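> To start, I am sharing the structure in question, which I have written as structure tokens.
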Amino acid sequence: MFNTVEEIKKACQEKNVHLYELVMEDELRTSKLSEHTIRKNLKGMIHVMEESALSNLDQASVTEMKMIDGFAYKMKQYAKNEETITGPFINMAMANAFSTLELSASMGKIVASPTAGSSGILPAAIVSAKKKKDFTDEELVNALLVAVGVGKVIGRYGSFSGAEGGCQAETGSGAAMAAGALTFLFGGDLDQIFHAASFAFIHVLGLVCDPIAGLVEYPCTFRNAMGVVNAMISADMALAGVTSIVPFEEVCITVGQVGERLPINLRETGLGGLAGTKTGREIRKKFLSAAEEL
């Protein structure tokens, strides 16, 4: 689409369009689909996101490896407590993020947005925003297009893959995209959208990818819960007028450079970090033994 945020801003000003409209123009050109079809597809994705974020709130989930069972249900129950530290809104957002990761671990239907390992962040952000402000499907589609616009810049300079760039590339990207979408939904301008996306990446710069047994479950589920909270505080900072002196595309370049320097055992190999602990190795051995029996 465009190489820099300044180019995006210039194009929006010249065409007198919002970011979501500029992204739609690009999607129309590259996909060869009609705007009606694109919006219909995105609306379908949003509905899947909502279902995944709500699917495990009313009963404890049961997954194959039992590493993350029932976390969404527990968070929802905890959110009812008036004495929580962060309050019900944040606690429910974390519950929504947990829910999607639990559904994914149970082979349920999710939207890998932008990856399976970060698939709980955008759904939790969307469900939380809709609950707070009752946004329409059309508004949420526009917000998702904004997230796509942020993602296009990320993809231009870096990677969404934990195997290439660590968890900063996965949940960092998801948080950056969600932060942009939330900033848009709550009235932020183009500059604020990309400031928020920058903050979300900055908060997790250098984050390793160390899934136990190589499965997208533990510690991924916690980083998705953190990711939606990251997106929310990043959006709030931007909306408050806090700014990033480093342009978003330079932040993305930095994330890519840091990812390249991460040791290979800290990039989704399931060998280092928490995966390399005594407990992590024991779970990996158990998982591989069970897989060999199949």
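The values are calculated or read from the model by the stated rules, or taken from the named source; none is laboratory data. Values in this document were obtained by computation on a predicted structure and should not be read as measured data. A quick note on method: Cβ atoms are made from the backbone with ideal geometry, for glycine too, and the neighbour counts reach across all protein chains shown. These accessible areas exclude ligands, DNA and RNA; they are computed on the full protein's heavy atoms, side chains included. Shrake-Rupley method; radii C 1.70, N 1.55, O 1.52, S 1.80 Å.
> Which members of region 3-29 meet the condition of being within 24 Å of the chain's Cα centre (by Cα) and among the aliphatic types (A, V, I, L, M)?
Within region 3-29, VAL5, ILE8, LEU19, LEU22, VAL23, MET24 qualify.
> Taking the residues in region 241-255 that are in contact with a Ser or Thr (Cβ under 7 Å, 6 or more places away or on another chain) and in a helix (DSSP H, G or I) as candidates, determine which candidate is farthest from GLU164 (Cα to Cα).
Selected residue: PHE248.
> Since ALA163 meets every condition but one in (1) modelled with pLDDT of 95 or more; (2) under 15 Å from the mean Cα position of the chain (by Cα); (3) farther than 18 Å from VAL246 by Cβ, which condition does it not meet?
Going through the list (1) modelled with pLDDT of 95 or more; (2) under 15 Å from the mean Cα position of the chain (by Cα); (3) farther than 18 Å from VAL246 by Cβ, ALA163 breaks only (2).
> Restricting attention to region 256-268, does a residue exist that is open to solvent by less than 70 Å² (accessible area, probe 1.4 Å), outside any loop (DSSP other than H, G, I, E, B), under 20 Å from ASN3 (Cα atoms) and among the small types (Gly, Ala, Ser)?
Yes; the residues of region 256-268 include at least one that is open to solvent by less than 70 Å² (accessible area, probe 1.4 Å), outside any loop (DSSP other than H, G, I, E, B), under 20 Å from ASN3 (Cα atoms) and among the small types (Gly, Ala, Ser).
> Return the only residue of GLY241, GLY227, GLY273 being closer than 30 Å to MET92 by Cβ, touching a strand residue (DSSP E or B) at 6+ places or on another chain (Cβ under 9 Å) and either of a type outside the set (D, E, K, R) or surrounded by fewer than 21 Cβ atoms within 10 Å (Cβ to Cβ) (or both).
That would be GLY273, the only listed residue that is closer than 30 Å to MET92 by Cβ, touching a strand residue (DSSP E or B) at 6+ places or on another chain (Cβ under 9 Å) and either of a type outside the set (D, E, K, R) or surrounded by fewer than 21 Cβ atoms within 10 Å (Cβ to Cβ) (or both).
> Within region 244-263, work out how many residues are touching a Leu at 6+ places or on another chain (Cβ under 8 Å) and either polar (S, T, N, Q) or more than 30 Å from LEU190 (Cβ to Cβ) (or both).
1
> Further, regarding this structure: Run down VAL141, VAL148 and say which single residue is out of contact with any strand residue (DSSP E or B) (no Cβ under 7 Å at 6 or more places or on another chain), closer than 20 Å to GLY44 by Cβ and open to solvent by 20 Å² or more (accessible area, probe 1.4 Å).
Every option except VAL148 fails the conditions.
> Out of everything in region 53-74 that is over 21 Å from the mean Cα position of the chain (by Cα) and of a type in the set (D, E, K, R), what residue ends up being modelled with the lowest pLDDT?
Ranking the qualifying residues of region 53-74, first place goes to GLU64.
> Scan region 120-130 and tell me whether some residue there is open to solvent by 30 Å² or more (accessible area, probe 1.4 Å) and modelled with pLDDT of 95 or more.
Yes, because at least one residue in region 120-130 is open to solvent by 30 Å² or more (accessible area, probe 1.4 Å) and modelled with pLDDT of 95 or more.
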